[in-house]
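The values are calculated or read from the model by the stated rules, or taken from the named source; none is laboratory data. Since the model is a prediction, treat every value here as computed from it, not as a measurement. In this analysis, Cβ positions are derived from the backbone assuming ideal geometry, glycine residues included, and neighbour counts consider all displayed protein chains.
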Amino acid sequence: MTSSPALPSTATDRRPLILDGGMGRELHRMGAPFRQPEWSALSLMERPDLVQQAHENFLKTGAQIITTNSYAVVPFHIGDERFAKKGEDLARLSGVLGRQAIAAHARPGQTEPLLAGSLPPSCGSYRPDLFTSEKAEAILTPLIRGLAPSVDLWLAETQSSIAELQTAHRLVRQHTSDTRPFWGAFTLDDADPVALVHQKSPVRLRSGDLLEDAVKAALELKLDALLFNCSDPRIMAAALHTARQTITTHEGNTPLRLGIYANGFAHNHHDGEGDGANESITPLDGTLTPDRYSDFAQHWHEEGADIIGGCCGIGPEHIAALAARFPSHH
């Protein structure tokens, strides 16, 4: 995996690429080992077979890209000592399991799904206040080494600040010599989605960084795709609108694919998938049915997203609805 894979292009009908959904909640639904603070890393350590099965569940329902189960392989979730001893090996295992799931799903004559290497927020989800580039380097470097033999592209997920994304991108380019695509995914401030949409407030990252500035940073890094994830689905269209406007006015008009994978949290969840105590599992919005989620996705697609999937709480049934909404003509 040392060269850039042939990513599916946007077809003339602009069918979006379909990502997978939330690995942690799918493991929880399956009855896999699962608790805070370890989150999805617990299954990686105790029942890796179920991690592979969760990947296959998303592939069977139409995902064209699955993401390694390396999101919780950070000290914030598994502790400093365990990370120092096992972090790189667990990241490597997550890559192997993803590749095995793809191989098990392979069908003659069909395009092979791709494996995205998850580079998580190194100092905690929704915690830009805890981030430093020095801490991030110590955490992300072993993850990059572990994932590098297996992944088709890099995906820095749930980045709460511009600095987080810039650091992840620098480390990947520093520690690998390949040209695999690098995708960045920002999580957005969704504290008041109704006001943001109806009052047209500026969209911001959870750090307070303006989204317009974050998009400019992504363009300067020459990312292959910019996504918005782990945020309320109601604000994603506004984020896409801001992104498209910024890209259009940027010098050089650099092409940048856009994507969305929202979460399914009940609103006012702002502890994230692991607050400082790492003690609870955030409740989900029971009204976000697969059909309702695919309605959102249709709007996102019309606003320019050509990569669409789901984050926490978005399961295989939601991905099946996306695949049905955007059928392949090949």
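Observations, loosely collected:
- Qualifying residue in the stretch 81-90 (condition: among the acidic types (Asp, Glu), touching a His at 6+ places or on another chain (Cβ under 9 Å) and closer than 19 Å to SER150 by Cβ): no
- Out of GLY259, GLY313, GLY304, one residue alone is modelled with pLDDT of 95 or more and outside any loop (DSSP other than H, G, I, E, B). It is GLY259.
- Residue check, THR179 modelled with pLDDT of 95 or more, under 22 Å from ALA225 (Cα atoms) and not in a helix (DSSP H, G or I): no
- The listed residues are ALA225, ALA239, ALA168, and the only one of them that is touching a residue at least 60 places away in the same chain (Cβ under 8 Å) and touching a strand residue (DSSP E or B) at 6+ places or on another chain (Cβ under 7 Å) turns out to be ALA225.
- Meets criteria (farther than 27 Å from THR167 by Cα, of a type outside the set (Asp, Glu) and out of contact with any Lys or Arg (no Cβ under 6 Å at 6 or more places or on another chain)) for ARG35: yes
Matching residues to (1) farther than 16 Å from PRO142 by Cβ; (2) crowded, with 17+ Cβ neighbours inside 10 Å:
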{"site": "ALA63", "(1), (2)": "yes, yes"}
{"site": "THR67", "(1), (2)": "yes, yes"}
{"site": "HIS77", "(1), (2)": "no, yes"}
{"site": "ASP80", "(1), (2)": "no, no"}
{"site": "PHE83", "(1), (2)": "no, yes"}
{"site": "ARG92", "(1), (2)": "no, yes"}
{"site": "GLY95", "(1), (2)": "no, yes"}
{"site": "ALA103", "(1), (2)": "yes, no"}
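Residues are listed down the side, and each one gets a yes or a no for (1) outside any helix (DSSP H, G or I); (2) at pLDDT 95 or above; (3) in contact with a Lys or Arg (Cβ under 7 Å, 6 or more places away or on another chain):
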residue: ALA63; (1), (2), (3): yes, yes, no
residue: ALA72; (1), (2), (3): yes, yes, no
residue: PHE83; (1), (2), (3): no, yes, no
residue: LEU93; (1), (2), (3): no, yes, no
residue: GLY98; (1), (2), (3): no, yes, no
residue: THR111; (1), (2), (3): yes, no, no
residue: GLU137; (1), (2), (3): no, yes, no
residue: GLY146; (1), (2), (3): no, yes, yes
residue: ALA168; (1), (2), (3): no, yes, no
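- GLN174 fulfils the conditions (1) surrounded by fewer than 17 Cβ atoms within 10 Å (Cβ to Cβ); (2) polar (S, T, N, Q); (3) assigned to a loop (DSSP other than H, G, I, E, B) except for a single criterion, (3).
- Neighbours by Cβ (under 9 Å, 6+ apart or cross-chain): first from the stretch 196-218, part of a strand (DSSP E or B) and crowded, with 20+ Cβ neighbours inside 10 Å; second of a type in the set (Ser, Thr, Tyr) and modelled with pLDDT of 95 or more: LEU205/SER160; LEU205/SER161; LEU205/THR187
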